[in-house]
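The values are calculated or read from the model by the stated rules, or taken from the named source; none is laboratory data. Only a predicted model underlies this, so the values are computations on that prediction, with no experimental measurement involved. All Cβ positions, glycine included, derive from the backbone under ideal geometry; neighbour counts span all protein chains shown. Accessible surface areas use protein heavy atoms only, side chains included; no ligands, DNA or RNA. Shrake-Rupley method; radii C 1.70, N 1.55, O 1.52, S 1.80 Å.
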Amino acid sequence: MSTIAFIGLGIMGSPMAIHLQHAGHEVTGYNRTSEKVRPLVEAGGTEAASIAEAVAEADVVCLMVPDSPDVTEVLTSEDGVFAHARPGTLIIDFSSIRPDTAKDLAHQAQDAGLRLVDAPVSGGEAGAKNATLSIMVGGSQDDVDAAREVLDVVGKTIVHVGSPGAGQTVKAANQLMVAGNIALLAEAIVFLEAHDVDTAAAVQVLGGGLAGSAVIDQKAQKMLDRSFDPGFRIDLHHKDLGIVTAAAREAGVVTVVGSLVAQLMASARANGDGSLDHSALIGVIERASGRTP
Ligand code: NAP
């Protein structure tokens, strides 16, 4: 069993850290806003007052923060992980960030005598709570093998997809597909409501056919109820579609539908919905259709 530092105990990080504690690891949590560490402490974990304190004795350091600048700050700042972790420490970054940033940070970690794998996740808040996440892992074979004891606790489908940064590239593709699914589900529901169809019945039968998806399973009810507690925030999906757009441009490929959905997501944000679940994208379709959100 390992001593684990877990940095970033938000919607995803908190249940993941708790699963690791319950699995027998010794987990020390650090979160900028201290109150979010409470559930981990109630589960038997420990609270650290700083990143330096959290990582000082850790064999493994896990991160789950929002964006590339956040991961960079947590790892490379003066009071960050690179400056305070013990030589050889394995860092597992679960955050969804730019692939080029992940690759660069993995090289910096190596230069500092540390090991870093990118391990972004899919499966949403439910996947984190049920420890059924899909985890796409980028890193060297040895480092990924070493990360398994942690990944197996929080995830169900764990696949080593390539060298450092590759996990983030696969995650970007995941976010492209989820965004497209959400936008089409939103359009279908607005369309069905406009025709006065029993939408709950419609969603039930659609879910059993070729249109069925994890997006229908997790998001349709939220759309029908107009209940948008996050979940996965519009702000974060907007961030991810920016990553997709930049990475597609870099590779010289087009993401026509993805660009369209990125604009819809930006519109949701511009209308003040950034802190809502991404199922709130239905509001954009409603507004565009002249229907009251
Ligand atoms: P969240 O609830 O907003 O949690 C983010 C955590 O990171 C918060 O505890 C926050 O601390 C901390 N944080 C933010 N900026 C920081 C910084 N610069 N330095 C230190 N800590 C910082 O977000 P989340 O939904 O858990 O998402 C985390 C990551 O997982 C994102 O990359 C997201 O794209 C990805 N993801 C999310 C989901 C999902 O369904 N939610 C699914 C798959 C992947 P404070 O409490 O102080 O703000």
| message | With angles folded into 0 to 90 degrees, how steeply does helix 214-225 sit against the dominant principal axis of the chain? Use alpha carbons for both and round to 10. | response | 60
| Rounded to the nearest 20 Debye, what is the dipole magnitude of segment 167-293 about its Cα centre when Lys and Arg each give +1 and Asp and Glu each give -1 at the C-beta? | 360
| message | Is there a quick way to get the dipole size of the chain? I mean about its Cα centre, with the Cβ of Lys and Arg at +1 and of Asp and Glu at -1; what is the value in debye to the nearest 20? | response | 620
| query | Just going by the charge dipole of the chain, with Lys and Arg at +1 and Asp and Glu at -1 on Cβ, which of Val159, Pro87, Ala247 is farthest out on the positive end? | reply | Ala247
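When ligands, DNA and RNA are left out and all protein chains stay put, how many square angstrom of accessible area per residue does segment 3-163 have with a 1.4 Å probe? Let's see the in-between values first.
Working: 6680 Å² over 161 residues.
That works out to 41 Å² per residue.
Might you report the magnitude of the Cβ-based charge dipole of segment 23-116 about its Cα centre, with Lys and Arg at +1 and Asp and Glu at -1, to the nearest 20 debye?
Once rounded to the nearest 20, the dipole reads 180 debye.
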| request: From zero up to wherever the largest Cα-Cα distance of the chain sits, split into 5 Å bins and tell me the percent of pairs in each. | output: 1, 6, 12, 16, 17, 16, 12, 9, 6, 3, 2, 0, 0
| task | Name the residue, out of Ser140, Ser163, Ser77, whose mean-square fluctuation peaks in a Gaussian network model built on the chain with Cα pairs under 10 Å. | result | Ser77
| message | For the chain, take the longest principal axis of its alpha carbons; what is the angle in degrees between that and the long axis of helix 166-194, to the nearest 10 within 0 to 90? | response | 20
| remark: On the accessible surface of segment 3-163, probed at 1.4 Å with all protein chains in place, carbon and sulfur together account for a percent value of 46
| remark: Here the gain from full extension of Thr76 to Ser34, 0.36 nm per residue of separation minus their alpha-carbon distance, amounts to 13.0 nm
| query | Among Ala270, Ala247, Ala166, whose mean-square fluctuation peaks in a Gaussian network model of the chain (Cα, cutoff 10 Å)? | reply | Ala270
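Report in % the part of the accessible area of segment 230-293 that belongs to carbon and sulfur, leaving out ligands and nucleic acids; probe 1.4 Å. Don't skip to the end; give the middle numbers.
On the way: 1780 of 3150 Å².
Carbon-and-sulfur percentage of accessible area, whole number: 57.
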| Using the beta-carbon distance between Asn271 and Asp198 and R0 = 25 Å, what value does 1/(1 + (r/R0)^6) give for FRET efficiency, to the nearest 0.05? | 0.30
| field | Total lysine pairs under 26 Å (Cα atoms) in the chain, excluding pairs fewer than 8 apart on one chain | value | 23
